[in-house]
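The values are calculated or read from the model by the stated rules, or taken from the named source; none is laboratory data. None of the values given here were measured: they were computed from a predicted structure. We place every Cβ from the backbone using ideal geometry, glycine too, and count neighbours over all the protein chains shown. Please note that ligands, DNA and RNA were not included when accessible areas were found on the heavy atoms of the full protein model with its side chains. Shrake-Rupley method; radii C 1.70, N 1.55, O 1.52, S 1.80 Å.
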Amino acid sequence: FRSTDVPRRLVLRWNGSSWSIVTTPLPTGTTQSIFFNVSCGSATSCAFVGYGVISGAQTQVLLRWNASTWSIPTTPTPSGATVTALLGVSCPPASACTAVGIAVVAGSARRMVSRGDLGAWSAVATPVPPGTSTSNFLGSSCTTTTTCTFVGSNSIASLTYPLVVRTT
């Protein structure tokens, strides 16, 4: 990047013979945006996750596409979060997704997990090892709507450890 570059999302679609650039919407007021991950539960249903800068704050962004229209579902934000980003998403059936990421609360990184469909999304609690000072989830893979594995890292006593959490 040059110092004058502004991060912008890029979505490409392959139709079997050529690539095309896909125009995507974003929440009103977004000045910068990046997508980190995409999951398509079918040929006609995808979820894209990342972040956007909205009113000067870095905020998680999730987009859903159903082969004809885009939607921007509202995802839960942890109370007191000053920075959020969704970094991974998995949609084993097209209608249900799990997104993971990071939120900065009181200067400390905290992991986020949200589950949803084409409309409503809700926060999901995951276990936190004792003594954890910071934590994040960077990716997710789900085989069903309730069985997922998340990967990331945990910091305990100034040391960083890999983290794997499996839900069932």
Quiz item: Can you tell me which residues in the range 106-134 are within 15 Å of Val83 (Cα to Cα) and open to solvent by 40 Å² or more (accessible area, probe 1.4 Å)?
Solution: Ala106, Gly107, Arg110, Thr134
Quiz item: Got a sec? Which strands (runs of 3 or more DSSP E) wholly within the range 10-86 have at least 2 residues that are closer than 18 Å to Gly101 by Cβ, among the small types (Gly, Ala, Ser) and touching a Ser or Thr at 6+ places or on another chain (Cβ under 9 Å)?
Solution: 30-42, 45-54
Practice problem: Can you give me the number of residues within the range 135-168 that are loosely packed, with under 15 Cβ neighbours inside 10 Å and either acidic (Asp, Glu) or part of a loop (DSSP other than H, G, I, E, B) (or both)? | Solution: 7
Quiz prompt | Flag for Ile54 being touching a strand residue (DSSP E or B) at 6+ places or on another chain (Cβ under 7 Å), farther than 30 Å from Arg166 by Cβ, modelled with pLDDT of 85 or more and β-branched (Val, Ile, Thr) | solution = yes
Quiz prompt | Scope the range 62-103; condition of a type outside the set (S, T, N, Q), in contact with a Pro (Cβ under 8 Å, 6 or more places away or on another chain) and either open to solvent by 10 Å² or more (accessible area, probe 1.4 Å) or closer than 25 Å to Val128 by Cβ (or both); matching residues | solution = Leu62, Trp70, Ile72, Ala103
Practice problem: Could you figure out which of (1) surrounded by 12 or more Cβ atoms within 10 Å (Cβ to Cβ); (2) modelled with pLDDT of 90 or more; (3) out of contact with any strand residue (DSSP E or B) (no Cβ under 9 Å at 6 or more places or on another chain) isn't true of Ser42? | Solution: (2)
Quiz item: Can you tell me which residues in the range 129-165 are in contact (Cβ under 8 Å) with a residue 12 or more places away in the chain and either in contact with a Gly (Cβ under 6 Å, 6 or more places away or on another chain) or among the aliphatic types (A, V, I, L, M) (or both)?
Solution: Asn136, Phe137, Leu138, Gly139, Ser140, Val151, Ile156, Ala157, Leu163, Val164, Val165
Quiz item: How many residues are over 15 Å from the mean Cα position of the chain (by Cα) and part of a strand (DSSP E or B) when one looks only at the range 110-134?
Solution: 3
